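Colleague: Here's a structure for you.
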Amino acid sequence: MDSEKRVIEDGAVAIRGDEIVAVGKTADLTKEFRARTVINARGKAVIPGLINTHTHVPMTLFRGIADDLDLNEWLTKYIFPAEAKNVNEQFVRVGARLGLAEMIRGGTTTYCDMYYFEDAIADETKKAGMRGVLGETIIQFPVADNKTPDDALRYTEKFISKWKNDPLIVAAAAPHAPYTVSTDDLKRVRALSDKLGAPVVIHVAETKKERDDILAKYGKTPVDYLASIGFLSNRTIIAHSIWVTDEEIGILAKNNVGVGHCPQSNMKLASGVAPVPSMLKADVAVGLGTDGAASNNDLDMWEEIDTAAKLHKVHSGDPKVVSAEQAFEMATIRGARALHLEKLVGSLEAGKRADIAIVDLDSDHQTPYFNIYSALVYSTKAADVATVIINGRTVMRDRRLLTLNENAIKKDANAYRDKIIKSLGN
């Protein structure tokens, strides 16, 4: 996939260092380049690495802690108490390693995160060789790493400055949501973003309750409210964007705001269905996200791609909306646009970073296939991913993780299960 949306049969990708230098027919590239290493991908699909535009990666350790609840009850009765009793830097590191392993196994090469101790998450992400847009949470009540918004803003400024110009890590500010961060603090986040040129990640319009509460408090719906205080910019990334009006979709497009659409989490929490067809029509940069494993309950982008294509068909009654090709683009080039990284990743083009997944196409559930987009979107599973390259470095080869110790990770993660159960009195 490139800017011309080419599908190349018997194709090849030439990589030098961290960069793609050529994409074309194998016969042409083998004449032009002499390779030190050749990966035989015959019979496989070589695709851009998938881009997860919204998650909370350490929350893998809360996978399955509470299900079949709406967002408010899930957060207030289970997640916030569990976090208060369990989250520290070590918890975050263990959960991040588990999530990174899961994402790499599924062909995800870039992800956008929002959590606590984000500097530790950045460290683990860098060690794993993965690419991340990582946002330090700013919220109005005391949390594990910062007790006040002032503390969080100071931490965030240091965090962003520390990782500036890193080849893999894009450090960001992450005010939790309009209902958990004051207007003054949202303005301070925007000022910090302007000062440091950093992205801002935020949950917006996730539930009807949020929309109604913001409307009652400020006299405006969430996106309109954020626009009115000068919060939105071409560095903003919002998660969910379910309860938005057509006018607000126009505001998102005008400000070049990226949107992380999380269909499975939204369905599981019964939060609603984002108006993705309308956003695509307005050329809003909509990517796909898993949300955290505590509300999904996995980090499998293939499930999100399949679900996104199907959900909007049944919701609209139109089988043509969100085509297989569009759904795949939302996990690749549109996802890159949503994270404001489209010049760097999201497609296989000379000059872009070598973030690549190699996918088997000969599983029983893929055989036979007639159209590559149909095969990838409706038939492919995470287990079909064979090899993953990020920034020119092979991080998984023939399904073997090369940068993470999977057995040690699972042992550490399972050790937290008993701690979490005991902390909640269950």
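Colleague: Size of the range 27-181 along its principal axes in angstrom, Cα-based, largest extent first?
Modeller: Ordered largest first, the range 27-181 gives principal extents of 61, 39, 28 Å.
Colleague: Here's another thing I want to ask about it. Once amide H atoms are placed 1.01 Å from N in the peptide plane, what residues at a sequence separation of 5 or more from Arg16, or on another chain, have their amide H within under 5 Å of its amide H?
Modeller: For Arg16, the qualifying residues are Val21.
Colleague: May I ask you to order 345-356, 163-174, 38-49 by the average number of other C-beta atoms within 10 Å around their residues, highest value first?
Modeller: 345-356, 163-174, 38-49
Colleague: Could you list, bin by bin from short to long, the percent of Cα-Cα pairs of the range 122-231 in 5 Å steps?
Modeller: 2, 12, 22, 21, 17, 14, 7, 4, 1, 0
Colleague: Ignoring everything except DSSP H segments at least 4 long, calculate the 222 nm mean residue ellipticity for the chain; use -39,500 (n - 2.57) per segment, divide by total residues, nearest 500.
Modeller: The per-residue figure over the chain is -11000 deg cm²/dmol.
Colleague: Separate question: What is the spin-label model distance, in nm, from Thr148 to Val273 if the labels are put 7 Å beyond Cα along the C-beta direction?
Modeller: 4.6
Colleague: So for the pair Lys220, Gln90, with labels modelled 7 Å out along Cα→Cβ, what separation do we get in nm?
Modeller: 4.6
Colleague: While we're on this one: Cross-link partners among aspartates and glutamates for Lys77, C-alpha distance below 16 Å, same-chain residues fewer than 8 apart left out?
Modeller: Candidates past the 8-residue exclusion: Asp67, Asp68.
Colleague: Provide the packing ranking of 398-404, 86-92, 275-281, 120-126, i.e. peptides ordered by the mean count of other C-beta atoms within 10 Å per residue, highest first.
Modeller: 120-126, 275-281, 86-92, 398-404
Colleague: How much length, in nm to one decimal, is gained on full extension between Arg6 and Ala383, taken as 0.36 nm per residue of separation minus their Cα-Cα distance?
Modeller: Taking Arg6 through Ala383 to full extension adds about 133.2 nm, to one decimal.
Colleague: For the range 92-108, what does the Karplus curve 6.51 cos²θ - 1.76 cosθ + 1.60, with θ = phi - 60°, yield as ³J(HN,Hα) per residue in whole Hz, taken in order and with x for Gly and Pro?
Modeller: Taking θ as phi minus 60°, the curve returns 4, 5, 5, x, 5, 4, 4, x, 5, 4, 4, 5, 4, 4, x, x, 7 Hz for the range 92-108.
Colleague: Roughly how many whole Å is it from the C-alpha centroid of the range 8-81 to that of the range 303-356?
Modeller: So the separation of the two Cα centres works out to 12 Å.
Colleague: What number, in percent, do you get for the relative contact order of the chain if the mean sequence gap of Cα pairs under 8 Å and at least 6 apart is divided by its residue count?
Modeller: 22
Colleague: Excluding Glu303 itself, what net charge comes from residues whose Cβ is under 14 Å from its Cβ, given Lys and Arg +1 and Asp and Glu -1?
Modeller: Surrounding charge for Glu303 is -3.
Colleague: A follow-up question, please. I want the local charge near Ala336. Using Cβ-Cβ distances under 13 Å, sum +1 for each Lys or Arg and -1 for each Asp or Glu among the other residues.
Modeller: +1
Colleague: Counting only DSSP beta bridges with both residues in the chain, what percent are antiparallel, rounded to the nearest 5?
Modeller: 40
Colleague: Here is a follow-up. In square nanometres, what is the average projected area of the Cα convex hull of the range 287-400?
Modeller: Projected area, direction-averaged: 8.3 nm².
Colleague: Same structure again: If each of Lys281 and Lys126 carries a label point 7 Å out from its Cα toward its Cβ, how far apart are those two points in nm?
Modeller: 4.6
Colleague: Computed from these coordinates, which is Cα extents along the principal axes in Å: (i) 64, 47, 42; (ii) 65, 39, 30; (iii) 99, 58, 44?
Modeller: (i)
Computed from the coordinates by the stated procedures, all read-outs in this text should not be read as laboratory data. What you see is a predicted model; the values in this text were computed from it and never measured. Note that we place each Cβ from the backbone using ideal geometry, even for glycine, and neighbour counts take in every protein chain shown.
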